[in-house]
Amino acid sequence: MKLRLLIPIAFIVAALGGAVVFAEDEGADWAIGNPKDPDWSPIVYPLQRLPLIFSHAKHLGRGTACAACHPGGTTSQSAVDNLIPGEAACRACHPIDRAEPDRVVAGSPPARCAACHVGFVAGQPVERVYLTPPPLKFAHAQHVKSTCQSCHGDMTKVELATALQLPTMSSCLHCHADGAAQEHCADCHLAKLGGLIQTTFEHGELVPKQDGLGDAHGQGFATHHKQEARQAGATCNACHDQSECVGCHQGVTKPMEFHPGNYLLSHAMDARRGKPDCSACHRYESFCVSCHEREGLGTRGETAFDPNNPNLRFHPTGWSSPGPGPNLHAKEAKKNLTSCTSCHREEDCITCHSAQPGGVKANPHPAGWRGSARCRAQDRGNRRMCLRCHIAQNELGCDWSK
């Protein structure tokens, strides 16, 4: 297929998904990689403008070594180095003479300017090559023991090489097996002050797109990333500061895009199922209860329910009682305590379940609680919680005895 591309950059961007390439044929096919490959990123390898006619396939087919045209590839220490050969490198084989732009030398490689420069017109400025440096750390000099093909692929089948012939992260991991670990992200990616990976650039936002590491930020990822965040080897903290997590999970400010519109009318079903976990963002005793009380569903404030009227009770008869009785709420509370706390405050519970004077002193703990592993764990974690019910000093501690 013979191509002569002299169309605006915008059309090339749309066609190639980010690789801006200008090329003209000299009877050769034009081949590049696949921009739809999820491993390839137009942010890691930004737009290029290559108004050139060149065939890697032809040059390699004649036995030309890579270093003959790219001598800097053996010594380069930075990804910002421009390793595209200039006219001086081409002159080693092509008898170029700027004074004779249409020069033809029998038995020699093409020397006329239009053979390499797209749309060349004598006396007019030549279209320049523009390369946006990739936001990476890379040293060719440290990879000289590897073959060029191991990173750039089989160039014997490529005409004009573009950013699509540059290595993807998955290809790097073939050698750098531990490169996917969070502590190694900044080995290749640029880092901001503080150590977080820089993700915002003039040409776009760097966001994981491929599933190779199990962290592709696809549609709905902002609200459904629990599995990725909990997996072993999660790399969230390489790019995200903990404050970004707290901003949503602490519930101080609700992200409006998390729930669908008019969610108040349907949230009861999700709340009873416990999926998603409301407490991940909302505090039951402040957020849920305060709203329910305003709607007349709580135990304080005006309400249409009356526990003393069998016809207006919210709970059935025998739900709770200060003495012996069915106390049906005990079983339900053990199954889903969050459904209780959505209407009842802690004070409602400790009226019966505490050692406070005048209370029923109903023990909420199962048999064998004192001295158990769970008792010790909670005692070590937060003894203040115990003080909500146990008001005497000699009642505290899992190892206390008279």
The lone exception for N327 - which of (1) in contact with a Lys or Arg (Cβ under 9 Å, 6 or more places away or on another chain); (2) farther than 22 Å from M385 by Cα; (3) crowded, with 16+ Cβ neighbours inside 10 Å; (4) modelled with pLDDT of 75 or more it fails: (1)
Matching residues in the range 88-125 - criterion: being within 20 Å of L50 (Cα to Cα), of a type in the set (G, A, S) and part of a loop (DSSP other than H, G, I, E, B): A111, G119, A122
The listed residue being among the aliphatic types (A, V, I, L, M) and assigned to a helix (DSSP H, G or I), out of A377, A367: A377
If S320 satisfies all but one of (1) at pLDDT below 80; (2) among the hydroxyl-bearing types (S, T, Y); (3) surrounded by 15 or more Cβ atoms within 10 Å (Cβ to Cβ), what's the number of the condition it fails? (1)
Could you list, in sequence order, the residues of the range 234-247 that are open to solvent by less than 60 Å² (accessible area, probe 1.4 Å) and assigned to a loop (DSSP other than H, G, I, E, B)? A234, T235
Checked against (1) open to solvent by less than 70 Å² (accessible area, probe 1.4 Å); (2) modelled with pLDDT under 90; (3) more than 26 Å from G63 (Cβ to Cβ), A139 satisfies every condition except (2)
Which of the residues spanning the range 180-194 are touching a helix residue (DSSP H, G or I) at 6+ places or on another chain (Cβ under 9 Å), modelled with pLDDT of 90 or more and open to solvent by 60 Å² or more (accessible area, probe 1.4 Å)? C188
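The values are calculated or read from the model by the stated rules, or taken from the named source; none is laboratory data. Remember, predicted model here, so these are calculated numbers, not experimental data. Virtual Cβ from ideal backbone geometry, glycine too; neighbours counted across all protein chains shown. Note: areas computed on protein heavy atoms with side chains; ligands, DNA, RNA excluded. Shrake-Rupley method; radii C 1.70, N 1.55, O 1.52, S 1.80 Å.
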